[in-house]
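What follows is a set of notes on a single structure, which appears directly below.
Values quoted throughout were computed directly from the atomic coordinates according to the rules given, and no laboratory measurement underlies them. Here the structure is a predicted model, which is why all the values come from computation and not from measurement. Cβ sites come from the backbone with ideal geometry, for glycine too, and all protein chains shown count toward neighbours.
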Amino acid sequence: MKYCAEGKSGRFGIIEFAVGIDVTEEFNNGVREVPEADWQTLYRHEKGELLDTGQQYAEVCFVPNWVGHKKDGPTYRYPAIREPVEQPALPGMEDQMTLPFPIMDWGAVRYKVTGIVMNSRMGGDEVIWWYRGRCGKSEEAHAVMKEDLAGGKLPSHLFGVNAAWRQIMIVAFNVNWAMKRLVLGESWVRGRLKAIRFRLIRLPGRVLEHGRRLFVRLAGGHPSNELVFEARRRMACLCDSG
């Protein structure tokens, strides 16, 4: 984050970011000091309408230790988001109720609290939706690379061999993604490699060689033939356009 905020990148300069943070006791203390009037309702744009999400956000005056070492350092902002916990605790279980997320009590209301650190100048609601727009996608891509393409199982103790293995894995990931989006169509974009393997790669056929050329003979009238022919047509169009 320091590298992004200090503008040390010769190519990009200052890189704007928004990253979720741990809700520590120090951050909780800053959240408690926010005046009630500063909390704003978070709205979601949907089909031209503004819908109330039931959440509120506010800027928190919070300076962690790693930020306060330089007087002329970059400025970081810390928006907090709170959402009422709708499910009340059962009678007699108030002190034993544990939830898988940070909570805070404001009088009789219990809130789920999350925090963000950012260096962007965007408005609070705008940066929250920008931050959430990336939620889960990087983890999904990492899961595909590690599990579907064996990126999580390095073959050697040698750095160069593992680096080559990873490069091949990334190329395969990009080819697989381009194949789904450009050749197979929108209905295949969300499919994992296992689904593609069962629905396309493992289709039965006979490989024949004739005139120094390889052919794949498929069963006549098979439901998959139309898919294969359309995929070949799209690949031919991509080759012609390239």
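Points to keep in mind about this one:
- Note on the chain: Cα-Cα pairs beyond 34 Å make up 47% of the total pair count.
- Within the chain, helix-based [θ] at 222 nm, where runs of 4 or more DSSP H residues each add -39,500 (n - 2.57), nearest 500: -8500 deg cm²/dmol
- Restraint check, LYS8/LYS180; LYS153/LYS180; LYS2/LYS146; LYS47/LYS180; LYS2/LYS112, Cα-Cα greater than 31 Å: LYS8/LYS180
- Peptides 227-239, 119-131 ranked from most to least packed give 119-131, 227-239, packing being the mean of other C-beta atoms within 10 angstrom over each peptide's residues.
- Segments 183-192, 155-164 sorted - mean Cβ within 10 Å per residue, highest first: 183-192, 155-164
- Nitroxide proxy distance, nm - points 7 Å out along Cα→Cβ at GLU186 and GLN40: 3.4
- Summarising the amide proton neighbourhood of ILE21: residues at separation of 5 or more, or on other chains, whose placed amide H is nearer than 5 Å comprise GLY115, ILE116, VAL117.
- Partners for LYS194 among aspartates and glutamates (Cα-Cα distance below 19 Å; same-chain residues under 8 apart left out): GLU139, GLU140, GLU147, ASP148, GLU186
- Charge dipole (debye, nearest 20) of the chain; +1 at Cβ of Lys and Arg, -1 at Cβ of Asp and Glu: 2220
- Choice from GLY48, GLY20, GLY133 showing the highest fluctuation, given a GNM over the chain with Cα pairs closer than 10 Å: GLY48
- Net charge in the neighbourhood of TYR111 (other residues with Cβ under 9 Å of its Cβ; Lys, Arg +1, Asp, Glu -1) is +1.
- When the chain is described by a simple charge dipole with +1 on each Lys and Arg Cβ and -1 on each Asp and Glu Cβ, the residue from CYS61, LEU158, LEU218 located farthest towards its positive end is LEU218.
- Gyration tensor verdict on the stretch 114-242 (Cα atoms; rounded if a/c is under 1.5, prolate if a/b is larger than b/c, oblate otherwise): prolate
- Rounded tilt (10° steps) of 159-178 against the dominant C-alpha axis of the chain: 80
- Additional length obtainable on full extension of the chain from GLN167 to LEU50, 0.36 nm per residue less Cα span: 37.7 nm
- Projecting the Cα atoms of GLN40, MET104, TRP177 onto the charge dipole of the chain (Cβ charges, centred on the Cα centre) puts TRP177 farthest toward the positive pole.
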